[in-house]
Amino acid sequence: MLDPSSSEEESDGIVEEESREVMAPQSGSSRISPSRTSESSDRLQPASRGSSARPSSPSPSAASEHEKEDVEKLQREEEERKKKLQLYVFVMRCIAYPFNAKQPTDMARRQLKITKQQLQTTKDRFESFLKGDTQIVADEAFINAVQSYFEVFLKSDRVAKMVQTGGLSALDCREVFKRHIEKRVRSLPEIDGLSKETVLSSWMAKFDTIYRGDEDPRKAQQRMTASAASELILSKDQLYEMFQMILGIKKFEHQLLYQACQLDNLDEQAAQIRRELDGRLQMADQIAGKFPKFVSKEMEAMYIEELKSSVNQLMANLESMPVSKGGEFKLQKLKRGHNTSIIDMGQEDENQLSKSDVVLSFTLEVRTVLAFRQCSLALCSRPGFTYYVVLRPTPNSPKQAELHKMTVTKACPDQDLKIKLAVRMDKPQNMKACGYLWAVGKNVWKRWKKRFFVLVQVSQYTFAVCSYREKKSEPQELLQLDGYTVDYTDPQPGLDGGRAFFNAVKEGDTVIFASDDEQDRILWVQAMYRATGQSHKPVPPTQVQKLNSKGGAAAQMDAPISQFYADRAQKHGMDEFISAIPCSFDHASFFEMVHRLTFDHSLNDNFACLGWFSPGQLFVLDEYCARNGVRGCHRHLCYLGDLLERADAGHMIDPTLLHYSFAFCASHVHGNRPDGLGTVTVEEKERFEEIKERLRVLLENQITNFRYCFPFGRPEGALKATLSLLERVLMKDIVTPVPQEDVKAVIRKCLEQAAQINYQRITDYARVEGDLHSNLATPAKKLEHVIRLAELVIEVLHQNQDHHAEAFAWWSDLMVEHAENFLSLYGVDMDAALEIQSPESWDSFPLFQLLNDFLRTDYHLCNGKFHKHLQDLYAPLVVRYVDLMESSIAQSIHRGFERESWEPVNNLPNVNLPNVNLQIPKVPNLPVPVAGLSVNLPQMPSFSTPSWMAAIYDSDNGSGTSEDLFWKLDALQTFIRDLHWPEEEFAKHLDNRMKLMSSDMIETSVKRTRAAFESKLAKSSRSTDFRIPLSLCTMFNVMVDAKDQSAKLCAMEMGQEKQYHSQIDDLIEESVKDMISLLVAKFVVILESVLAKISRYDEGTLFSSFLSFTVKAASKYVDVPKPGMDVADGYVTFVRHSQDILRDKVNEEVYIERLFDQWYTATMNLLATWLTERMDQQLHVYQLKILIRIVKKKYRDFRLQGVLDSTLNSKAYDTVRNRLTLEEATASVREGGMQGISMKDSDEEDEEDD
């Protein structure tokens, strides 16, 4: 924009350069720019050329009709341009001298909007983070949150629409993410030393880093600073430039208007306001018979009073303004007095000014530059010489240094001494003009004389012309200009002195002034014209001499530059806009235009305004309305109309604006005087009723489409404000509240339609509508589509809860009905898909788990209409599934134990048990995954051990049948448990049935295992060649697993069931006890066989004597091994092998310890009994050696296996040890030694045994 204070030469050059764009008036008063004329001629010329080239051109009548339309179009455009120019003049004056409004500083700062390109850039940055292409370190929880935010928010078509309508800002993106993660952070487990607020702050910092990308943070800060600066108080130049863009005004047009209107002259602007207000007062007096149509006839008189009251208020506002802006001087308040020395102005009751009211304060600065002549300063400084200078400065005196003749004494040799002084006298703020004038009047200045006059402004409405004498601070005489009219006049005969005359006329009085030159006269007339506030503008009789820019000498003129600018504006056709009388225009229509254009500009700027004006725009509109008498109701009706129009077009509008404007209009129409106006026009009432109906339709439509009009709860609080506004709109007046049932009925109707719209949109998005009703789609495909649609339904309900439930808090029951209606629409498609599923198929259970897991956690929807329908639909399927599984497991137990080899599962050939997670795979192509969907559902029916069984049940040495049984029971109970059946009674029934079924199955398994153990043991060997088979260990492990699984699968809390569970435990314990007893009995039988072998050496038997003689005879010739040691070694080897097998293969330590205790005790008792039976006999040396070796090795081995000393050192052991020790002593005496075998422990024997 050009600087308004630019030089005349620069501005004139610009005007000459751009003056080609404006044409002289044509066809009356209309003006058409050359560019538009050329455009129209370019559109018309091809048609004329075509007519001469081709005979098939349009007829002359058609061509003339086309030309006529173009001309009319150009005329309309020209009229529009002229209207905008006139409007811009009014707006400029509001900006130049505001006295009613101030730029607000308490408005919320608007945020920069996000463009389509910026949204795509943001998507790319988040996608790069999810791919791991950034250096941002994040945990899995944060990555999952970003992934969900990216899929749900950034890729949403609703966000794209927000960007398209200019309603999305960076703050919206950040707030949505913050709300998105708050629930996630709250659900995280507590960590010592790390608060949830710290985690939230860390996640937000990482979000800001991702959002910013590689952009320099300093640039972002600079952009935010610039954004904030644009929202601060704007300068006048910025406001001019803004409204040039709004109204389409060119810069050279602005410069012409600015200079011609003297917008930089505050006195001129204040005078213009006074003239406007006087015109409005006169119009109020002359309005009789031209009233607008009111709703009541009595309002006509009130209307006149309101007009006068508004003008008086403006006058008071103007009066309260300081006399001039920009200086430190502040004029005191107007003093009223009744001094009798003041000249009577013709109205005795009028308050008059006193001389003290027009006291002026001056600041005078005198600076010596140079003193010279034939004598020096030293000569002048001699004693006896005096000299001085007489100065008569005025504010109009030149500021540059000048030579002044000095007055010296006669003794001074140099009488022509001069001094160069720079004299500067500041002009007081309340001095508007000063200088020497000739004057004569009737009541004041009665003698034609040249005096020094000053035009003083006492207040905005009080001016006085004062005459002063030299060295006097108070005026000699003064003339208060109230009611006077100033104008140029011809020279008056008989008045000598002065060249240019003008006068001030008032009824009963005339004062004639004269100046020495024309320029002074014009300046004085202009100053007094501003002071009087008269409607008539004086026109100087002489013409302004044009500036001679080509001449070498300085340009000369006999009129001020303001007159030159006025003439130049007249040349370019701007005079009609400048001289137009504001009160003669329809400012209601003017304001409607400027409001609409400003509103469009606000919506199209770089801010997400949501309908809010910027502080600068609001300031100008406020000043325009106050200054030009635009009624408040009309203003808000215009605002409402523009807001509704843009909202209907899809723009995001803050409902707070609608609410405020509607409340103002409603209050005005119903007579509550929000702006002090009690009159209501018929037009206002009719337009209000029309807008009220439009607003009601809009609000109902927004509530119906609340997910798309307020996506993700943005703008903040907008939906809640919309509901509040709807309640206000439904009121018949501003006093009587609307019944809540009526409001509830309207909202219920909207939400019913919203359910249909939302479901239709997600079905269109998922593209399943055609597949659901297509005859070609398979049942599996339809089920897959229904599950996919369920994901979307749950996501929609989650979003409604997160982003919109707070707004509907007062109508929470209606939101529950909306959710039920929404689910019922889905239920139709769900029922159709489930109806065609095979009765033998269980693939639909994931759908139940998905829906039930969501519904059971929702307080309002749990056991609601749809939830109960879902339970009724799936309850028979669950019962049938459990029945089938019970029968299947029972059959698998019977067949499995019949063919059971009792080999451990990990020893079975060709068995592959990979560790596979037992989870239902995600339904493919789901756009939004639902957090927490992990369904542990076995692939039923599958009655053989699946290859991935180890994922649920991990055992090392169980049998195939038992493993399959326990896995199936566990999988079945896990499935039933993961159903989370919401109805308590049925859930309890299912749980009890699962526990009882598990008890029966485990009982059958235990009994079959016990019987198989006894049968297997009975068929085994009775000698020391017996080796414990792995199958027996497997049976023990089956008992161990049965005990563990019974605690897990059969645990119950109620009385009878708990007793039933304890019976299973007792059965398992009894079975294990029997199995240990059978195995110990087997060990005892084997020891008995060993003792039977050595019983042949009993004393007194023939076989014993024969064996002894044979051994002795053979030992004389060869080295005969120790007889009987092979029997002992065989038994010891058997014992140790059995211990190792049991210790390694049986999984329960308690059972091993119990078995070893009973084994040791039983065998030691057997030895004690055998020796007791031979108490009267002496043991054969071979018997003694075998028994000593067996006893010592048994004692040592069982001690190493952890048998307690109390068990080892039993009474039976003491009996055996004492007898063998005694027999050993006897044999040593009798036989001469035991060949190193002794009951005493020795290192040599240990080494030999090892």
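The values are calculated or read from the model by the stated rules, or taken from the named source; none is laboratory data. As the structure is a prediction and not an experimental result, all values here were calculated from the model. Because the Cβ atoms are built from the backbone with ideal geometry, glycine has one as well, and the counts that use them run over all protein chains shown. Ligands, DNA and RNA are stripped out before the accessible areas are found, and what is left, the full protein with its side chains, is counted by its heavy atoms. Shrake-Rupley method; radii C 1.70, N 1.55, O 1.52, S 1.80 Å.
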Inset, instruction - Restricting attention to region 142-163, report how many residues are closer than 24 Å to residue 198 by Cα and either at pLDDT below 90 or aromatic (Phe, Trp, Tyr) (or both). - result: 3
Inset, instruction - Just give me the residues in region 615-651 being among the acidic types (Asp, Glu) and either closer than 22 Å to residue 691 by Cβ or in contact with an Asp or Glu (Cβ under 7 Å, 6 or more places away or on another chain) (or both), in sequence order. - result: 622, 642, 645, 648
Inset, instruction - Any chance you could count how many residues in region 161-174 are surrounded by fewer than 16 Cβ atoms within 10 Å (Cβ to Cβ) and within 21 Å of residue 130 (Cβ to Cβ)? - result: 1
Legend entry - So residue 998, is it in contact with a Leu (Cβ under 6 Å, 6 or more places away or on another chain), surrounded by 14 or more Cβ atoms within 10 Å (Cβ to Cβ) and among the hydroxyl-bearing types (Ser, Thr, Tyr): yes
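Looking at the structure I just gave you, is residue 843 surrounded by fewer than 18 Cβ atoms within 10 Å (Cβ to Cβ) and of a type in the set (D, E, K, R)?
So residue 843 fits the description; yes.
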Inset, instruction - Run residue 467 past the list (1) surrounded by fewer than 17 Cβ atoms within 10 Å (Cβ to Cβ); (2) assigned to a strand (DSSP E or B) and report the number of the one that doesn't hold. - result: (1)
Legend entry - Only one of 440, 454, 458, 444 that is outside any strand (DSSP E or B), β-branched (Val, Ile, Thr) and either modelled with pLDDT under 90 or touching a strand residue (DSSP E or B) at 6+ places or on another chain (Cβ under 8 Å) (or both): 444
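Return the residue satisfying two criteria in turn: it lies in region 261-279 and is of a type in the set (A, V, I, L, M) and under 16 Å from residue 585 (Cα atoms), and of such residues it is surrounded by the most Cβ atoms within 10 Å (Cβ to Cβ).
273
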Legend entry - Whichever residue in region 1203-1240 is at pLDDT 90 or above and outside any helix (DSSP H, G or I) and, among such residues, is nearest to residue 1140 (Cα to Cα): 1203
Inset, instruction - Filter region 839-893 for residues that are closer than 30 Å to residue 819 by Cα and among the acidic types (Asp, Glu) and give the result. - result: 843, 853, 858, 872
Inset, instruction - Test residue 559 against the stated conditions and say whether it is under 30 Å from residue 430 (Cα atoms), at pLDDT below 80 and surrounded by 15 or more Cβ atoms within 10 Å (Cβ to Cβ). - result: yes
Legend entry - residue 476 surrounded by fewer than 18 Cβ atoms within 10 Å (Cβ to Cβ) and polar (S, T, N, Q): yes
Inset, instruction - Determine the pairs where a residue that is closer than 22 Å to residue 528 by Cβ, located within region 254-270, has a partner that is assigned to a loop (DSSP other than H, G, I, E, B) and polar (S, T, N, Q) with Cβ atoms under 8 Å apart, the partner being 6 or more residues away or on another chain. - result: 264/5; 266/324; 267/324; 268/262; 269/262; 270/460
Inset, instruction - Filter region 430-441 for residues that are under 14 Å from residue 492 (Cβ atoms) and open to solvent by 40 Å² or more (accessible area, probe 1.4 Å) and give the result. - result: 438
Inset, instruction - Can you tell me which residue among 249, 210, 233 is in a helix (DSSP H, G or I) and either modelled with pLDDT of 85 or more or open to solvent by 30 Å² or more (accessible area, probe 1.4 Å) (or both)? - result: 210
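For residues that are of a type in the set (Asp, Glu) and in contact (Cβ under 8 Å) with a residue 60 or more places away in the chain, scanning just region 271-299, find the one that is nearest to residue 484 (Cα to Cα).
Applying the filter and picking the extreme gives 278.
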Inset, instruction - Name the residue, out of 1139, 1158, 1183, that is surrounded by 20 or more Cβ atoms within 10 Å (Cβ to Cβ), out of contact with any Pro (no Cβ under 7 Å at 6 or more places or on another chain) and in a helix (DSSP H, G or I). - result: 1183
Inset, instruction - Those residues that are open to solvent by 40 Å² or more (accessible area, probe 1.4 Å) and in a loop (DSSP other than H, G, I, E, B), I need them from region 280-295; list them, please. - result: 286, 288, 289, 290, 291, 292, 293, 295
Legend entry - Long-range neighbours under 9 Å by Cβ, at least six apart or interchain, first residue in contact (Cβ under 8 Å) with a residue 60 or more places away in the chain and aliphatic (A, V, I, L, M) within region 691-720, second part of a loop (DSSP other than H, G, I, E, B) and surrounded by fewer than 16 Cβ atoms within 10 Å (Cβ to Cβ): 719/806
Legend entry - Subset tally (residues that are without any contact (Cβ under 8 Å) to a residue 40 or more places away in the chain and not in a loop (DSSP other than H, G, I, E, B)) for region 1011-1034: 3
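Would you say residue 568 is open to solvent by less than 20 Å² (accessible area, probe 1.4 Å) and modelled with pLDDT under 90?
yes
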